[in-house]
Amino acid sequence: MTQNNSWYKDAVFIELNTRAFKDSDGDGWGDLPGLTSKLDYLKDLGVDAIWLLPIMPSPLRDDGYDVSDFCDIFPAYGTMEDFKKLISEAHRRNLKIIVEIIPNHTSDQHPWFQASRDPQHPEHAKYRDWYVWSDTDQKYQQARIIFTDSETSNWTFDQLRGQYFWHRFYSSQPDLNYDNPEVQQAMLDVVKFWIDAGADGLRVDAPPYLFEREGTNCENLPETHAYLKRMRKFVDDYKPETLLLSEANQWPEDVIEYFGDGDEMHMNFHFPLMPRLFMALAKGDRTPIEEILARTPELPEGCQWGTFLRCHDELTLEMVTPEERQWMWETYAPDPKQRINLGIRRRLAPLMDNDQRKILLLHSMLLTMVGSPFLYYGDEIGMGDNVDLFDRNGLRTPMQWDDSPNAGFSEAPAERLYAPVISDPIYGYQVVNVAAQENDPDSLLNKIRHLIAVRKQWRLFGRGEFAWKHFNFNSKAVVAYQRSWQGQRIVVLNNLTDAPVSGWIPETAKSFLDLLTGESILPGDYTLAPYGFVWLKPVGPDLPNEATGPNSPQAGYLGSDKH
Ligand code: NOJ
């Protein structure tokens with residue numbers, strides 16, 4: 001059972017890359033002091049917690065997910081002192097900082113691996129069994145390959161050791177051997193290190209793959225769950241308010257295991273919901289959302305879903321059927337360059353054809369439907385992407401602060417930036433930037449700020465019950481639901497189509513307050529604008545259901561179904 005106050009249930013998160021946010025010393029790379037200087041921006045955006053992509057030393061073959069030292073800072077980002085300063089400045093503003101731990105694997109440059117692979121290494125005896133070695137590459141054949149575009153096997157031969165090593169991701173990321181108790185302890189020491197450094201939470205990368213067993217797909221194994229529970233117990237004993245945020249990209253039936261009985265991870269991302277929001281929007285039909293919420297189990301006490309639209313990775317299509325994947329690729333990634341592995345490497349604004357109505361509609365669902373929402377840096381101003389950059393780097397370009405050279409991100413010469421700024425005519429920093437949007441009340445930035453501010457006034461969005469509602473019985477175009485908690489309720493209507501949709505707001509209250517505009521809305525006929533949405537708070541006491549009218553059901557509007 002959780003021993004903390006579940007602060008993460010009320011939080012709005014943002015995910016960002018230190019390297020991409022703000023360069024303080026003119027070397028072309030964002031850094032921790034730069035990020036610290038921009039905390040007020042994040043506070044004004046309305047977020048409560050900042051999830052930092054990996055900040056540890058790394059050769060960056062997987063952009064920091066290939067760690068070469070778990071207990072230090074990547075030099076270009078600064079020092080541990082800079083990290084501690086970031087923590088204290090964040091805490092001063094009541095912001096929390098989440099760091100990554102990557103328990104499944106290290107970089108092949110990590111000293112543990114160097115010692116493990118080299119029989120002549122002075123520490124070989126200690127580290128020999130820290131990785132998964134084999135004389136053959138035929139073991140664990142049922143395990144799928146995750147990076148399908150770049151890897152053909154989960155085994156790679158190491159010349160020095162004369163054996164194959166196991167890796168679920170790039171061959172430069174050997175998997176640690178969790179059957180070795182020393183590895184298990186070493187990772188708990190890493191957790192302790194970052195808690196001691198002040199982190200409020202840890203995003204636990206790729207948890208399904210910690211153990212391997214013959215005859216299985218080597219995912220979600222009981223041994224893996226047992227270890228994650230041990231990690232949780234350590235956290236609960238050591239600093240119980242620390243959040244463990246798990247990244248198990250699995251179906252709901254498998255993901256639920258990562259919450260245990262409330263004694264494993266506090267949060268896990270709802271991966272299957274995400275592509276279905278995009279699917280429902282493109283189809284103008286809420287069915288994909290209904291289906292996945294029907295498959296979404298109740299969580300144990302103290303647990304929470306993390307929801308998101310886009311992130312630093314491809315828009316993953318692992319949790320859809322092959323037919324749905326093909327449809328998503330054809331719809332959202334018509335250019336093959338926009339596809340990678342089993343997903344789509346595009347940012348939110350280009351996916352939405354830069355249509356502010358659609359971007360906001362997705363945020364309306366993100367902020368009200370289920371769990372705690374995660375934004376991805378730059379999406380709040382509608383940044384674009386660059387498919388010409390390697391791997392997923394086109395989603396990780398410099399933050400666009402203003403229209404000065406290098407988008408106000410860095411004073412380095414442009415050729416020294418870690419990645420070029422986006423500068424095309426539609427999404428380029430000359431037009432899409434924070435400064436331009438700050439003073440424009442109609443900007444995407446200000447509208448998203450407003451949505452976040454309203455969400456945060458109502459804890460029911462993070463903690464309440466979810467129930468479907470009916471707005472128009474003849475159409476699937478509207479996603480209508482109610483969130484309720486401690487005697488309060490809010491009804492949310494989202495129109496997935498570019499046509500107005502008329503429906504019926506039942507007389508369950510004398511009137512409703514549209515929380516986003518402050519307007520009073522009377523029960524009865526109502527028309528949602530194209531891609532429009534409203535968050536309706538009943539005013540006064542609830543009334544008995546008297547649903548009648550041209551679009552109303554004969555009965556039972558309040559007979560909503562809990563998922
Ligand atoms: C998930 C991370 O989000 C992704 O960026 C990374 O490549 C893999 N885990 C491997 O660590």
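Read the figures in this text as sums done on the coordinates, not as results from a lab. Given the structure is predicted, the values throughout are model-derived calculations rather than measurements. All Cβ positions, glycine included, derive from the backbone under ideal geometry; neighbour counts span all protein chains shown.
What separates the Cα centres of region 117-136 and region 216-234 is a distance of 24 Å. Against the chain, whose longest principal axis is taken from its Cα atoms, helix 356-368 shows a tilt of about 80°. Charge tally around Arg449: other residues with Cβ under 10 Å, Lys/Arg +1 each, Asp/Glu -1 each, net -2. The amide H of Thr106, built 1.01 Å from its N in the peptide plane, has Leu176 as neighbours under 5 Å, considering only residues 5 or more places off or on other chains. Using only the C-alpha atoms, the convex hull of region 1-137 corresponds to 169 Å³ per residue.
So what is log10(I(q)/I(0)) for region 294-388 at q = 0.10, 0.15 1/Å, when the Debye sum runs over its Cα atoms only? The computed values of log10 I(q)/I(0) come out as -0.30, -0.67. When the GluC sites (Glu not before Pro) in region 269-306 are filtered for DSSP coil states and for at most 13 other beta-carbon atoms within 10 Å of their beta-carbon, the remaining sites are Glu298, Glu301.
For the peptides 392-401, 408-417, residues were scored by their other Cβ atoms within 10 Å and the scores averaged per peptide; the highest-first order is 392-401, 408-417. Taking packing as the residue-averaged number of other Cβ atoms within 10 angstrom, the listed peptides 510-523, 19-32 run from highest to lowest as 19-32, 510-523.
For region 134-293, rounded, prolate or oblate, judged on the Cα gyration tensor with a ≥ b ≥ c (square roots of eigenvalues), a/c < 1.5 rounded, else prolate if a/b > b/c? Since a/c reaches 1.5 but b/c is at least a/b, the shape of region 134-293 is classed as oblate. Scanning residues 5 or more positions from Lys96 or on other chains, those with amide H under 5 Å from its amide H are Ala49, Ile50, with H placed 1.01 Å from N in the peptide plane. Highest mean packing first, where packing is the average number of other Cβ atoms within 10 Å per residue, the peptides 260-266, 51-57 line up as 51-57, 260-266. What the phi angles of region 478-488 give under the Karplus curve with 6.51, -1.76 and 1.60, with θ = phi - 60°, is a coupling list of 10, 9, 10, 8, 10, 10, 9, 6, 6, x, 9 Hz, glycine and proline written as x. Computed from backbone phi, the HN-Hα couplings of region 196-213 come to 4, 6, x, 4, 8, x, 10, 8, 9, 6, 6, x, x, 10, 5, 10, 10, 9 Hz, rounded to whole numbers (Karplus: 6.51 cos²θ - 1.76 cosθ + 1.60, θ = phi - 60°; Gly and Pro given as x). Look at where the Cα atoms of region 342-402 and of region 22-99 average out, and the two centres are 20 Å apart. Relative to the longest principal axis of the Cα atoms of the chain, the long axis of helix 322-332 lies at roughly 70 degrees.
Subtracting the Cα-Cα distance of Glu214 and Asp129 from their residue separation scaled by 0.36 nm leaves 28.8 nm. For the chain, the alpha carbon positions stretch 83, 54, 45 Å along the principal axes, listed from largest to smallest.
All alpha carbon pair distances within region 196-249 were sorted into 5 Å bins beginning at 0; the resulting P(r) in whole percents reads 4, 19, 25, 22, 15, 8, 5, 2, 0. Under a 5 Å amide H cut-off, with hydrogens placed 1.01 Å from N, Arg339 pairs with Arg345 among residues at least 5 apart or on other chains.
The separation of region 253-309 from region 485-538, counted between C-alpha centres, amounts to 24 Å. Farthest toward the positive end of the dipole of region 458-533, out of Ser511, Ala499, Tyr526, is the Cα of Ser511, where the dipole comes from beta carbon charges about the Cα centre. Out of every Cα-Cα pair in region 386-461, what percent are more than 19 Å apart? Everything past 19 Å amounts to 48 percent. Reachable aspartates and glutamates from Lys139, Cα under 14 Å, same-chain residues fewer than 8 places away excluded? The qualifying aspartates and glutamates are Glu212, Glu214. Full extension of the chain segment joining Glu519 with Val539 gains 6.0 nm, where the gain is 0.36 nm per residue of separation less the Cα-Cα distance.
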